[in-house]
Amino acid sequence: MTLVLAIETSTRLCSVAVGRDGALLAERNEEGEGFIHAERLHVLAEEVMREAGEGFAALDAVAVGIGPGSYTGLRIGLSAAKGYAHALGCPLIGVSTLEVLTAALPATGPDPTTGPVRQPMIDARRMEVFTSAYTMDGRPLTTPEPRVLDAGWAAGLATGTLVFGDGADKAAALWAATTGVVHVPGVRPWARALLGLALQRLRAGAVDDRAYLVPLYGKEAGVTRPRA
């Protein structure tokens, strides 16, 4: 019986779940106008553990989404996950947030198409997203990259491609005008989608170093020198 705490904070969604052998026991999902992660993450973690009827000492692993996504959200989520794993002496498992999004897609209901490709998208501001292509069974076809959404690129997607995530949702008009692309709105990287992925990794012994796991930011921060 494997108990896993899952944390996802790479977007505006602050999501925490706990599951046993991949089955969800409790979850909390909160999203605000700004980033609420620093104030709410540990509170939500305590709530899900209490609802599950378990103490933190019972955890067999901690899983965390490592991006790409928000610099602030990723730092907060990974720091918390590392803290729990280090204090409890249990394995730490970092998973790409694009992989988490892909795993979350079936939770929205039956797939609207049997198209060959899933294209999760994380908002990277303006008309830019972080994205990567996956097969129907979750195998990556491309490496994560920042991408500006435009009609030319959209038209080059494979017929039947599913696009989803907060990055796809902001470009609904683009997908409506693109033949062969199916937009699935409302999909988010819920922490519950991490549970099955983490269990697979844990059983395969594919855990991460608690000291050296780092976020996949997706691109360098746009830091500028303040004016005098």
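Summary table
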| read-out | value |
| --- | --- |
| Options Arg40, Arg75, Arg20, Arg12: the member that is more than 17 Å from the chain's Cα centre (by Cα), more than 21 Å from Leu199 (Cβ to Cβ) and of a type in the set (Lys, Arg) | Arg40 |
| Filter pass, Gly180 being touching a Leu at 6+ places or on another chain (Cβ under 8 Å) and modelled with pLDDT of 95 or more | no |
| Residue list for the stretch 6-46, restricted to those being out of contact with any Asp or Glu (no Cβ under 9 Å at 6 or more places or on another chain), among the aliphatic types (A, V, I, L, M) and more than 19 Å from Val187 (Cβ to Cβ) | Ala23, Ala38, Leu41, Val43, Ala45 |
| Residues that are under 16 Å from Ser96 (Cβ atoms) and buried (at least 17 other Cβ atoms within 10 Å of the Cβ), drawn from the stretch 142-157 | Pro144, Arg147 |
| Residue that is touching a helix residue (DSSP H, G or I) at 6+ places or on another chain (Cβ under 9 Å) and over 17 Å from Ile93 (Cβ atoms), where the choices are Arg50, Arg20, Arg28, Arg40 | Arg28 |
| Helices (runs of 4 or more DSSP H) fully within the stretch 98-197 counting 2 or more residues that are over 30 Å from Met49 (Cβ atoms) and among the aliphatic types (A, V, I, L, M) | 151-155, 172-176 |
| Contacts under 9 angstrom Cβ, first residue in the stretch 144-166 being assigned by TED's automatic domain parsing to the domain that holds Met121 and in contact (Cβ under 8 Å) with a residue 24 or more places away in the chain, partner in a strand (DSSP E or B) and basic (Lys, Arg), 6 or more apart | Thr161/Arg118; Leu162/Arg118; Val163/Arg118; Phe164/Arg118 |
| Extreme residue, farthest from Ile122 (Cα to Cα), among residues of the stretch 50-69 that are buried (at least 24 other Cβ atoms within 10 Å of the Cβ) and in contact with a Lys or Arg (Cβ under 9 Å, 6 or more places away or on another chain) | Val62 |
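The values are calculated or read from the model by the stated rules, or taken from the named source; none is laboratory data. Quantities reported herein were computed from a predicted structural model and do not represent experimental measurements. Cβ: placed from backbone, ideal geometry, glycine included. Neighbour counts: every protein chain shown.
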